[in-house]
Amino acid sequence: MLDSNPFDLSQDVAIVTGASSGLGWHFAKTLVAAGARVALVARRHERLEELVGELPAGSATAIAANIAERSTIVDLVATVTRELSAPTLLINNAGIADDQAALDLTEADWHGVLDTNLTGAWELAQLCATAWVAEKRPGNIINIASILGLRVAGRSLPYAVSKAGLIQMTKALSLEWARYQIRVNAIAPGYIETDLNRDFFASDAGAALIKRIPQRRLGAPADLDGALLLLASQASSYMTGSVITVDGGHLNSSL
């Protein structure tokens, strides 16, 4: 039976990667509003400290780490536990893209995207799960994938491959870790407007892309709140290995 408020996160401590801007920062605010305490994780510590100051006192902490470098995340779970409490929720949101043509990509370009988007997400998931299993506590992981993990677009090779891998990782880990009461799900956003892409979508090329979205509009970060709060909360206690697409119908129109 669900609690009277199944979306209440007041007992949760979340780790949100890529939290210094864009979707990561929005996710952090959404989780705090639902009652969670949140560890904001990104490379820019000064920026994170500024953002923590915008949240209610005691609801968040800033932790500088580069998800692509395991050496900077090995103590992350212990740091979050010391500063907030033992984490119960991981939002693997950190990600980068490279829009070069496939013929122009270097090995360094390839690994730069894969190391952050996929390998870093895997390593942090393993670190959290190791702690949860050792302490016999349940856990919850939400991987932020993309519809480009389910379809392709031009000049997006390493990004699309990393997000496809993240989706398969979600399904594989959910199968292995269900016995430990660890849930692993994913959200696959479509085109969401942020500060990083706003200029592009104001261009002719961006406007043409928007016309291919069945709803004829970009998503806003708030359009992901329903999926995030569903997967983060006990409202989805019987869900694991699921991938929720939030894209204005774009994926279906491309099949």
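Annotations
- Meets criteria (in contact with a helix residue (DSSP H, G or I) (Cβ under 8 Å, 6 or more places away or on another chain), of a type in the set (Val, Ile, Thr), farther than 25 Å from residue 220 by Cβ and assigned to a strand (DSSP E or B)) for residue 161: no
- Residue in the range 134-146 that is assigned to a loop (DSSP other than H, G, I, E, B), crowded, with 19+ Cβ neighbours inside 10 Å and touching a strand residue (DSSP E or B) at 6+ places or on another chain (Cβ under 7 Å) present: yes
- Looking across the range 129-152, just one residue is more than 21 Å from residue 17 (Cβ to Cβ) and in contact with a Lys or Arg (Cβ under 9 Å, 6 or more places away or on another chain), and that is 150.
- Checking 202, 188 one by one, the residue that is out of contact with any helix residue (DSSP H, G or I) (no Cβ under 7 Å at 6 or more places or on another chain), among the aliphatic types (A, V, I, L, M) and either more than 24 Å from residue 102 (Cα to Cα) or surrounded by 15 or more Cβ atoms within 10 Å (Cβ to Cβ) (or both) is 202 and no other.
- Number of residues in the range 216-225 that are surrounded by 13 or more Cβ atoms within 10 Å (Cβ to Cβ) and either free of Cβ contacts under 8 Å to residues at least 12 places away in the same chain or closer than 17 Å to residue 251 by Cα (or both) equals 4.
- Among the conditions (1) touching a residue at least 60 places away in the same chain (Cβ under 8 Å); (2) within 16 Å of the chain's Cα centre (by Cα); (3) part of a helix (DSSP H, G or I); (4) closer than 30 Å to residue 219 by Cα, the only one that residue 125 does not satisfy is (1).
- Residues satisfying the criterion are present in the range 103-112 (criterion: out of contact with any strand residue (DSSP E or B) (no Cβ under 7 Å at 6 or more places or on another chain) and in a loop (DSSP other than H, G, I, E, B)).
- Taking residues in the range 45-59 that are within 13 Å of residue 28 (Cα to Cα), and partners anywhere that are polar (S, T, N, Q), the pairs with Cβ atoms closer than 8 Å and at least 6 places apart or on different chains are 48/20; 51/20; 52/61.
All of the numbers you see were taken from the coordinates with simple rules; none came from a lab. Note that the structure is predicted; figures quoted are calculated from it, not measured. All Cβ positions, glycine included, derive from the backbone under ideal geometry; neighbour counts span all protein chains shown.
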